[in-house]
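Chemist: Provided herewith is a single structure, encoded as structure tokens, for subsequent inquiry.
The values are calculated or read from the model by the stated rules, or taken from the named source; none is laboratory data. These numbers come from a predicted model, not from an experiment. Cβ atoms come from the backbone with ideal geometry, glycine included; neighbour counts cover every protein chain shown. For accessibility, only protein heavy atoms count, side chains too; no ligands or nucleic acids. Shrake-Rupley method; radii C 1.70, N 1.55, O 1.52, S 1.80 Å.
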Amino acid sequence: MNYIKLSIALLATVFLATACQNDGFYYQDVARVRIVGPEVWTLKTDSLQFSFVTYPADTTQKQMNVTLWIMGNVAGYDRTANLQVVTSKTTATSDLYIVPATVVIPAGTNSATFPVILKRALSLQQTTARLYIAVQKSADFEVGTNEQNHLLLKWNDILSKPTNWDSLKEFFGSYSDTKYRFMINNAGISEFNTTTMTWAELQYYKIKLVNALDKYNQEHPDAPLTDETGKLVNFNN
């Protein structure tokens, strides 16, 4: 009986030790590092998706805060991790992003957060850019697990017709991409919803947009706002 109890205790000890080593991607052999994107955009995956479409026209870039986590013990000195943009898996041109080549993880800490800058361009109204960042071996770190040794960032500025436009037609007329982008850029809000907004609120935004359109056309007498089909933009039909 004592032998059985001793065996069970030993098995439990081994199990707990193994679990502790694996919990939180922990490694004891060598220091490794893994890359994690901001949860609000990545939803705990290795892929980040973002669109500029609901942001005002003067928003020209977006900073994404990405984190490198140590898989192992902290150290009493600064350590450097290497990053690389993998061109074979990247479609974004180099003028559309800023990514550091190295990131310093300070002494006594187990992570470092660094910015990745995604830039806005007219080309993104037609296509989605892809940026593939991979962790590379450095003098201080080996590469972490395959699932988290890279981060794919995808972003665009592509409009799509809101699914509730039929209910919005009473206020803003027929849909066009040009009209909808003008609305986003000039209303001060990015969503128009007949369920959550009152008739008076929607009517207020219609008047605001009509005034903004009149101002635009007055400032561009030789080139009033036209949509992608060549029709003059208006909020009546």
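Chemist: For K137, go through the lysines and keep the ones whose alpha-carbon is under 21 Å away, minus same-chain ones fewer than eight residues off.
Modeler: Candidates past the 8-residue exclusion: K89.
Chemist: So how far apart, in nm, are the two label points at R130 and N146 if each is 7 Å from Cα heading toward Cβ?
Modeler: For R130 paired with N146, the spin-label model returns 1.8 nm.
Chemist: Using helices alone, I'd like the mean residue ellipticity at 222 nm for the chain: each DSSP H run of four-plus residues gives -39500 (n - 2.57), total over residue count, nearest 500. Please report the intermediate quantities before stating the final value.
Modeler: Working: 5 runs with 65 residues, N = 237.
The helix contribution divided over the chain gives -8500 deg cm²/dmol.
Chemist: Report, for the chain, the % of DSSP beta bridges that are antiparallel, rounded to 5.
Modeler: Values: 31 of 38 bridges.
So the antiparallel bridges in the chain amount to around 80 percent.
Chemist: Could you give the length gained by full extension between T93 and Q218, i.e. 0.36 nm per residue of separation minus their alpha carbon distance, to one decimal place?
Modeler: Between T93 and Q218, full extension yields 41.3 nm more.
Chemist: Ok, one more. May I ask for the equivalent-ellipsoid semi-axes of the chain, computed as the square root of five times each C-alpha gyration tensor eigenvalue and listed largest first in whole Å?
Modeler: Values for the chain, descending: 52, 23, 14 Å.
Chemist: According to a simple spin-label model (label point 7 Å from Cα along Cα-to-Cβ), what is the distance in nm between L225 and W199?
Modeler: 2.5 nm
Chemist: Of the heavy-atom accessible surface of region 103-194 (probe 1.4 angstrom), what whole percent is carbon and sulfur? Spell out each step's value before the answer.
Modeler: On the way: 1850 of 4120 Å².
It is 45 percent, rounded to a whole number.
Chemist: Residues with beta-carbon under 12 Å from that of W69, excluding W69: net charge, scoring Lys, Arg +1 and Asp, Glu -1?
Modeler: +2
Chemist: Quick check of the Kirkwood formula: for region 32-132, what is the inverse mean of 1/r over all pairs of different Cα atoms, in Å? Spell out each step's value before the answer.
Modeler: Numbers: mean 1/r = 0.0666 Å⁻¹.
Here the Kirkwood hydrodynamic radius works out to 15.0 Å.
Chemist: Which of the trypsin sites (Lys or Arg not before Pro) across region 139-231 are loop residues per DSSP, with 14 or fewer other Cβ within 10 Å?
Modeler: K231
Chemist: With the other protein chains left in place, how much accessible area per residue, in square angstrom, belongs to region 90-138 at a 1.4 angstrom probe?
Modeler: Working: 2380 Å² over 49 residues.
For region 90-138, the per-residue accessible area is 49 Å².
Chemist: Which of the lysines could a cross-linker span from K208 if the Cα-Cα distance has to be under 17 Å and same-chain partners fewer than 8 positions apart are dropped?
Modeler: K169, K179
Chemist: Once Lys and Arg get +1 and Asp and Glu get -1 on their Cβ, which of V116, T145, Q126 lies farthest toward the positive end of the dipole of the chain?
Modeler: Positive-most Cα among the choices belongs to T145.
Chemist: Please find, in a Gaussian network model of the chain (springs between Cα atoms separated by less than 10 Å), the residue of S51, S176, S167 whose mean-square fluctuation is greatest.
Modeler: It is S167.
Chemist: For region 94-144, what is the relative contact order in percent, using Cα pairs closer than 8 Å and at least 6 residues apart in sequence?
Modeler: That works out to 30 percent.
Chemist: Turning to a different aspect of this structure: With point charges of +1 on the Cβ of Lys and Arg and -1 on the Cβ of Asp and Glu, referenced to the Cα centre of the chain, which listed residue (W69, Q218, Q49) lies farthest in the positive direction of the dipole?
Modeler: Value: W69.
Chemist: Something else about it: Out of the GluC sites (Glu not before Pro) in region 145-235, which ones are loop residues according to DSSP with at most 15 other C-beta atoms within 10 Å?
Modeler: Hits after loop and neighbour filter: E191, E228.
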